[in-house]
Amino acid sequence: MDRRELNQELVDFIRKSASMFHTIATIKGLLNDAGFEEWREEEDWAPQPKGKYYTTRNGSSLIAFTVGSDLDALAFRMTAAHSDSPTFKVKSVPELKGPGEYLRLNVEAYGGMIDSTWLDRPLGLAGRVLVKTDGGVESRLFNSEKDILLIPNVPVHMNRGVNDGYAFNRQVDLLPLFSAGEMENGALDAMLAEALGVAASDILAKDLFLVNHEAPSIWGVKDEFVSTPKLDDLQCVFVSLKAFLASENDRGVNVFVCFDNEEVGSNTKQGAMSTFLKDALRRLTLGLGKSEQEFHQAVSRSFLVSCDNAHAVHPNHPELCDDENRTYLNKGIVIKEAANQKYTSDAFSQAVFLSVCEKAGVPVQHFANRSNMQGGSTLGNLSNTQISVHAVDIGLPQLAMHSSYETAGCQDTVDAVKALTTFFNAALEIHGAESFRLDA
């Protein structure tokens, strides 16, 4: 596949995914185009062999299935990524008047972003708005498209310590400017109402987030790099979806999962620690005429690839990485491990994924934190609290994770699609944690 063309698809996908709600809407559009049928959780599910289905929860998480025709030894081949990224969320009472005629928005941090990267750049707003209609209340997507906000820095003349490790106060320093005097309190709802074609009084509630609209870039003399907002984790969402849609496998069920709220701990009704995946897999299994016993047998034979980007060695600070378990851009997919089990990879699951990558002909790297540094967690170990399967945590190496503008390698996008397509296409037979067989 053409490297630049694929990465252009990636940045187009990201530009459409202004919030977690827009990410799911974008995925739904691609699934609908591919002939998938939507199942609502409140409806009956009637899966059939060779069927293609998806369901959503909260409008911000999604699970899709392709069902094979050979279901005698049912098993699930699954990938999971997440729809959300660190940003700032607008509070319910959003506007702050003054000083003078300034109008600011009152926001709070969503996730652990690098605060300084959000300053001095025009920003937009995106998310969902709940509005009254003749039929009740509906959720509407909103994306400002144009830039309407900015968080200004204090000039160095008034903050001489800004280059000496200044600590931003999020209640003081990081509130975005909305107007210099041409708008009053109520202007935000008025703007939303005009965009959505409703009266401002019909707006009941909203989940709105700041958006960096800076244009993505594929750059470098050799087009080695891709830079854009939200690479963590929309790069993994994109490659796993691309592989899922490209795969064909009559044996068992392929499953694509996109969870919300990873950046804030996953412990929501639509997060990786929720019952969403367990509920969906169980309903699918029972709908196929299998028993409860067969559902648990299927789970024991299943495998999850948890896909969330990884830290590449920083070119100016290599000392921040482990001496040997370190990763570089465009040098292969990353398998992540941690003795404290913040990553779910173990020897068995690593062996499975290494075999997949060998079959796909793509390189692999290994990541572990320095032993004197505390790392983060991701989807694999959290989803396993609800439905326990063999799982490996992988990612694509990137720089400046949790910046408002991140950088990754273009070749890694290609290699990830190859590896995950091979995973979805393979016949994987798992026998406890003692042995497995991987056939093309």
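The values are calculated or read from the model by the stated rules, or taken from the named source; none is laboratory data. Keep in mind that what you see is a predicted model, and the values were worked out from it rather than measured. Note that we place each Cβ from the backbone using ideal geometry, even for glycine, and neighbour counts take in every protein chain shown. The area values use the complete protein model at the heavy-atom level, side chains included, leaving out ligands, DNA and RNA. Shrake-Rupley method; radii C 1.70, N 1.55, O 1.52, S 1.80 Å.
The local environment of Glu319, defined by Cβ-Cβ distances under 15 Å, has a net charge of -1 under the rule Lys, Arg +1 and Asp, Glu -1.
Computed from Cα atoms alone, the Kirkwood hydrodynamic radius reported for the chain is 22.9 Å. A 1.4 Å probe run over the range 1-40, with the rest of the protein chains in place, finds 48 Å² accessible per residue. Can you work out D for the range 69-225 in µm² s⁻¹ from Stokes-Einstein, where Rh is the Kirkwood radius over C-alpha pairs, the temperature is 37 °C and the viscosity is 0.692 mPa s? D = 178 µm²/s. Measuring nothing but how far apart in sequence close Cα pairs (under 8 Å, 6+ apart) lie, relative to its length, the chain scores a relative contact order of 21 percent. Rolling a 1.4 angstrom probe over the range 182-230 with all protein chains present gives an accessible area of which 52% lies on carbon and sulfur atoms. Taking the convex hull of the alpha carbon positions in the range 44-132 and averaging its projected area over all directions gives 10.6 nm².
Result for the chain in a Gaussian network model with C-alpha springs under 10 Å: among Ala187, Ala167, Ala243, the largest mean-square fluctuation is at Ala167. A Gaussian network model of the chain, with springs between Cα atoms under 10 Å, assigns the largest mean-square fluctuation among Ala246, Ala109, Ala347 to Ala347. Comparing Ser383, Ser179, Ser274 in a Gaussian network model of the chain where C-alpha atoms under 10 Å apart are linked, the largest mean-square fluctuation is found at Ser179. Summary value for the range 323-410: 41 percent relative contact order, contacts being C-alpha pairs under 8 angstrom separated by 6+ residues. A run of the chain free of exposed loop cleavage sites, with trypsin sites (Lys or Arg not before Pro) counted only in DSSP states other than H, G, I, E and B and at most 10 other beta carbons within 10 Å, reaches its longest extent at 223-440. Summed over the residues of the range 292-440 and divided among them, the accessible surface reaches 40 Å² per residue at a probe radius of 1.4 Å. Write down the Kirkwood hydrodynamic radius of the range 293-433, to one decimal in angstroms, obtained as one divided by the mean of 1/r over all alpha carbon pairs. Taking every pair of different Cα atoms in the range 293-433, averaging 1/r and inverting gives 15.7 Å. With 28 Å as the limit on Cα-Cα distance, the pairs of Lys97/Lys206; Lys222/Lys418; Lys269/Lys331 that go past it are Lys269/Lys331. In a simple Cβ point-charge model (Lys, Arg +1; Asp, Glu -1; nothing else charged), the range 1-42 has a dipole of about 280 debye relative to its Cα centre.
For the range 305-311, 3J(HN,Hα) computed residue by residue from phi via the Karplus equation (6.51, -1.76, 1.60; θ = phi - 60°) reads 9, 7, 10, 8, 4, 10, 7 Hz, glycine and proline entered as x.
Taking only protein heavy atoms and a 1.4 Å probe, the accessible area of the range 285-407 is 48% carbon and sulfur. Surface exposure of the range 174-242, expressed per residue as accessible area with a 1.4 Å probe, stands at 40 Å².
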